[in-house]
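Shown next, in structure tokens, is the structure this report addresses.
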């Protein structure tokens, strides 16, 4: 059993214990998912305070709905699905349009052996990536977040977004193509 299988099994155990009313198990599950849910929700909600409220609403829904989990997908997919619906509700309530969705800047790992020039290049590349992603449609931003930042399999993304598997594959393909074009354009513009 690899590390991700162990984590998935641990999540199932924690959720089952929470469904039985074990607050300590729920607290552990909350600790495991709070930051991940927050980062995902921030791709919908720009205001940090509102994103924190959505995280709390999401995790309360997990606590109250733990008994309804049927293992049709990973616990992480189930929780992110709840978070997605809560975030969309919050955006609607705030009167915001879904068109301004934007991915958070992904945290870049710093190589301790890297020198100052490497750090400058890494920061420049991260900024280019963030700017390029901001040019993508909301659907493409979300599909990239789920596929690459959340590392969800296509079948689970399809279930989460309630779209066919092939639509996920198509969106990822076109999102990557558009992202590549945006990166090339931004890279060329910033070099001039």
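With each label point set 7 Å from Cα along the Cα-Cβ vector, what nm distance links residue 49 and residue 20? Distance between the two pseudo-spin positions: 4.1 nm.
Label positions at residue 93 and residue 3, each projected 7 Å from the Cα along the C-beta direction, are separated by 3.7 nm. The length gained by stretching the chain between residue 165 and residue 63 to full extension, at 0.36 nm per residue less their Cα-Cα distance, is 33.8 nm. The calculated FRET efficiency for the pair residue 13 and residue 56, based on their C-beta separation and a Förster distance of 30 Å, comes to about 0.80.
Only the coordinates and a few stated rules stand behind these numbers; no lab work does. Keep in mind that what you see is a predicted model, and the values were worked out from it rather than measured. When we count neighbours, we look across all protein chains shown, and the Cβ atoms used for this are built from the backbone with ideal geometry, even at glycine.
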